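Novice: My questions will all concern the structure given below.
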Amino acid sequence: MFHEAWGKEAPQIQAEFNDYLQKNRINISMELVTAELGDHGQRPKDDYAVVTAVTELGHGKPKFYSTPDVIAFCRKWRLSTNNVWLFSTRKSATSFFVAYDALCEVGTATLVCEALDKIADISVPGSKDHLKVQGEILEGLVARIVTHQSSDQMKEVLRSLSQAPLHGVESDLGPSLREICAANRSDEKQKIKAVLENVRSSMCPDHSDWFGNSSLDAQSRNTDKSLVTYFLEAHPTDYATKKLQEMFRLMKQRHFPAAFKCYLNYQNVDSLSYKMVIHVRNDSICKHYQQEMRKNQGLWPLYRGKMDDTTTTTTTTTTTKPLVPNKLG
């Protein structure tokens, strides 16, 4: 993506981008569209990724970027985004639901995009043409409730940040993901290694997170339970740690179906630092957790991962509180 967007500048820009993410404690959620992970009803014509959400931890509660902020962030760094339509009046919002009811079962990319382009108050084309990279099959729409100020904010973003041309689209980008996987299909470990080598060091400076360290693996497997207990009982050294302890402690006390796993940080084995992965096994946890948040307003929120965001729809109305379903499609 960086080489396609920035051309010869890509390595330098990507290094700056990595540094920016780390310093500002930013997390990016992306959807990888590739036939290597399943066809989803139609084999994609190309392999590509689009940004679906950007989150900033900062020094307080985790903050999800608004839709205008996501567009601004992606245009600054030339990251790919989906189509976005903003419905900011009662008329346009009503027309959206009428169009959805008519097209939800039979709508293809051409029909849906043409219909929403006509009725939306603001239409932002995707960085990639869905027809060229994916095809006519449209997985679905994602609706997002936004503030009444989104219209003015989006206009300002579109006025100040235009879509930059792709400077490296004609250059040699190396073997495609499909070519890499096809050449290494018989050996899963070798396939992963080949992919990591092709994305180069700025994306993956160290392969140990994938392949580990054979001399330390046994120790890593034996430390899971004791480390989680130690983490929950330890005195927090900063605010973020304190809030994470509250979240994990509640989930364990309520016996929510989730796994807490600790792994050695192979990139810093001398200091015996660890990484924790929390695997939420059932979406129903989020509903129960929200009930707990009503009792304790200080709890950090537990977010569901967003998946299958083929086309993002941003919707609001001009009545009291904007009301739109969370997921369509």
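The values are calculated or read from the model by the stated rules, or taken from the named source; none is laboratory data. Treat the numbers as computed from the prediction; the structure is a model and nothing was measured. Here Cβ is always computed from backbone atoms with ideal geometry, including for glycine, and neighbour counts include all displayed protein chains. Accessible surface is based on the protein model in full, side chains and every heavy atom, while ligands, DNA and RNA are left aside. Shrake-Rupley method; radii C 1.70, N 1.55, O 1.52, S 1.80 Å.
Novice: Taking the mean number of other Cβ atoms within 10 Å as a proxy for protection, how do you rank 48-57, 9-18 from highest to lowest?
Specialist: Descending mean neighbour count gives 48-57, 9-18.
Novice: Mind listing the phi-derived Karplus ³J(HN,Hα) values for the stretch 21-33, rounded to whole Hz, using 6.51, -1.76 and 1.60 with θ = phi - 60°, and x for any glycine or proline?
Specialist: 4, 5, 5, 9, 6, 10, 10, 10, 9, 9, 10, 8, 9
Novice: Keeping all protein chains in place and using 1.4 angstrom, which order do GLU188, GLU156, GLU233, GLU36 fall into by accessible surface area, from largest down?
Specialist: Result of the area sort, largest leading: GLU233, GLU188, GLU156, GLU36.
Novice: I've got another one for you. Provide the per-residue ³J(HN,Hα) series for the stretch 276-287, in order, calculated from phi with Karplus coefficients 6.51, -1.76, 1.60 and θ = phi - 60°, each as a whole number of Hz, with x at glycine and proline positions.
Specialist: 10, 10, 10, 9, 7, 8, 8, 4, 5, 4, 4, 5
Novice: Which of rounded, prolate or oblate describes the stretch 1-45 when judged by the alpha-carbon gyration tensor and an a/c cut-off of 1.5?
Specialist: Cα axes put the stretch 1-45 in the oblate bin.
Novice: Also, I was wondering about something else. Can you bin the stretch 1-78 into rounded, prolate or oblate? Criterion: square roots of the alpha carbon gyration tensor eigenvalues sorted a ≥ b ≥ c, rounded for a/c under 1.5, prolate for a/b above b/c, oblate for the rest.
Specialist: Oblate.
Novice: In addition: Rg/Rh for the stretch 55-156: what does it come to with C-alpha atoms and Rh from Kirkwood?
Specialist: So for the stretch 55-156, dividing Rg by the Kirkwood Rh gives 0.99.
Novice: Quick check: with the 1.4 Å probe, what order do THR94, THR34 take by accessible area, largest first?
Specialist: THR94, THR34
Novice: At a probe size of 1.4 Å, how large is the accessible area of LEU166, to the nearest 10 Å²?
Specialist: Surface open to solvent at LEU166 totals about 90 Å².
Novice: While we're on this one: VAL84's amide H: which non-local residues (gap 5+, or another chain) put their own amide H closer than 5 Å, with H modeled 1.01 Å from N in plane and none for Pro or chain starts?
Specialist: Distant-sequence amide H within range of VAL84: VAL124, GLY126.
Novice: Please turn the phi angles of the stretch 161-174 into ³J(HN,Hα) values with the Karplus equation 6.51 cos²θ - 1.76 cosθ + 1.60 (θ = phi - 60°), one per residue in order, whole Hz, x for glycine and proline.
Specialist: 3J(HN,Hα) across the stretch 161-174, in whole Hz: 10, 7, 6, 6, x, 8, 8, x, 5, 8, 7, 6, 8, x.
Novice: One quarter of the convex hull surface, Cα atoms only: what value does that give for the stretch 81-239 in nm²?
Specialist: 17.0 nm²
Novice: Identify, among GLY126, SER151, ASN184, the residue whose Cα sits farthest towards the positive end of the charge dipole of the stretch 102-211, taking +1 on the Cβ of Lys and Arg and -1 on the Cβ of Asp and Glu, with the dipole about the Cα centre.
Specialist: Going by the charge dipole, the pick is ASN184.
Novice: To the nearest 10 square angstrom, how much accessible area does LYS252 have with a 1.4 angstrom probe?
Specialist: Approximately 100 Å² of LYS252 is accessible to the 1.4 Å probe.
Novice: At 1.4 Å probe size, what's the solvent-accessible area of ARG185? Round to the nearest 10 Å².
Specialist: 130 Å²
Novice: Compute the normalised compactness of the stretch 36-115: alpha-carbon radius of gyration over 2.2 N^0.38 Å, N being the residue count.
Specialist: Relative to the rule-of-thumb radius for its length, the stretch 36-115 sits at 1.41.
Novice: Using alpha carbons only, how many angstrom separate the centre of the stretch 54-116 from the centre of the stretch 119-181?
Specialist: The stretch 54-116 and the stretch 119-181 have Cα centres separated by 10 Å.
Novice: Please compute the length gained on full extension between MET30 and GLN190, using 0.36 nm multiplied by the number of residues separating them and subtracting their Cα-Cα distance.
Specialist: 55.1 nm
Novice: What nm distance separates the two modelled labels at ASP47 and VAL169, each placed 7 Å from Cα along Cα→Cβ?
Specialist: 2.1 nm
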